[in-house]
Amino acid sequence: IIPGEDTWQNRAINDIEMYRQQLTYTEIISEEEFNQQAWMIQQYGSYQNYVSNMQAQIDEMNNAIIIAEKSINADKPDMKYVQNGPRNRSVRFLNYSVFVTLFAVLLGGWLMASEFQQGTIRLLMIRPKTRTKILAAKFISALIVCLAVYVTGSVLNLIVNGICFGFSDYAFPNYTLAGEVGFFAYYLPKMLACTVPIIFGYALAFMLSVIIKNVAVSIAAPIALNIASMILVGTFAYSNTAKWLAYTPLPYMHLSAYFSQRLSYTPGIGSSLPVNMTYGIILLLALSALCISISSIIFNKTDIAY
């Protein structure tokens, strides 16, 4: 380790020194002291919230020290110490799923509404297939296209990053409290999780396409909800009055933000939203299934004049 050089080892040592110093000055005050500070009551709402928030900060600093020490001891950098390496770039590219979600909304909102607006829905009804099969065929085929676009782009990004910045970085592990985890074992679950907002956005637009039969409205409504989710979560992430947001789909419509840590509205340390990734993924998938079911019921009951 060369003093003054911008190496990952020095960055890890700086983390250890910085977080140890911060831990020295970080303490949880008593409930009596807390109640005497009006601004703290306003910020945290209750002493219990304050304690859990402070403990989360202490745990985060301790975890950072452990990761830095493990990296130095193994002489293999965690991805946080190679900011411009392929691993970091690949994880940041998960935000690509946001653009694929918009593409999915465009496709889902256009798919059936255009058939009704152009009158070509009558031609579909001529085919010797049930309405459910016709709807399922259109839904599944377009969904496959959306997911193929996302997966293809992600794989190409991994390859290009490796070519431009070195495949050797992929061989280094990431460190957790439980031990080492290979990069692809770390990356693939996050990549798959980012497909869930794509599926939800597509299913919602598809349902509106079947119900409203208007392309513009079917596309605009999911996009407006997408934008509203960013504004609401960014506004109330640190508010004790909006914890209910964590039980709606809004904080989970941009899952890539939690992994890439690039969007400013993402709840982090100090956030009052009790965000749970597993709950969010299950919720979006359940709502997607509900949208599909409603689409099928409405389409089967729609009166289509020949």
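For a paramagnetic label modelled on Phe34 (point 7 Å from Cα along Cα→Cβ), amide N atoms under 13 Å away belong, within segment 54-73, to 54-56. A simple spin-label model places pseudo-atoms 7 Å from Cα toward Cβ; at Ala136 and Tyr279 they are separated by 3.4 nm. Across the accessible surface of segment 123-277, with the other protein chains kept in place and a 1.4 Å probe, carbon and sulfur atoms take up 72 percent. Given H placed 1.01 Å from N in the peptide plane, which residues other than close sequence neighbours of Thr176 have an amide H under 5 Å from its amide H? Amide H to amide H, under 5 Å and 5 or more residues apart or across chains, Thr176 pairs with Val181. This structure gives Cα extents along the principal axes in Å, computed directly, and of (i) 94, 43, 31; (ii) 70, 48, 33; (iii) 78, 55, 27 that value is listed as (iii).
Springs join every pair of Cα atoms under 10 Å in this Gaussian network model of the chain, and among Ile140, Ile198, Ile281 the largest mean-square fluctuation is at Ile140.
Counting only whole DSSP H helices of the chain, the ones at least 30 Å long by C-alpha along their axis and with mean Kyte-Doolittle hydropathy no lower than 0.0 are 131-165, 215-236, 277-301.
Using 0.36 nm per residue and subtracting the Cα-Cα separation, the extra length available between Gln48 and Glu27 on full extension is 6.1 nm.
Per residue, how many Å² of accessible area does the chain show with a 1.4 Å probe? Intermediate values should be presented prior to the final figure.
Working: 15860 Å² over 306 residues.
That works out to 52 Å² for each residue.
Between Ala185 and Lys76, 0.36 nm times their residue separation minus their Cα-Cα distance comes to what? It would help to have the intermediate numbers written out before the result.
On the way: separation 109, 0.36 × 109 = 39.24 nm, distance 1.67 nm.
Stretched out fully, the Ala185 to Lys76 stretch lengthens by 37.6 nm.
Counting lysine pairs in the chain whose alpha carbons fall under 21 angstrom apart, excluding pairs fewer than 8 residues apart on the same chain, gives 9. Modelled label positions at Ile66 and Arg122, each set 7 Å beyond Cα in the direction of Cβ, lie 6.8 nm from each other.
The values are calculated or read from the model by the stated rules, or taken from the named source; none is laboratory data. From a predicted model like this one, the values you see are computed outputs, not experimental measurements. Neighbour counts are summed over all protein chains in view; Cβ atoms, including those assigned to glycine, are modelled from backbone coordinates with ideal geometry. Protein only, heavy atoms only, side chains kept; ligands, DNA and RNA dropped before computing areas. Shrake-Rupley method; radii C 1.70, N 1.55, O 1.52, S 1.80 Å.
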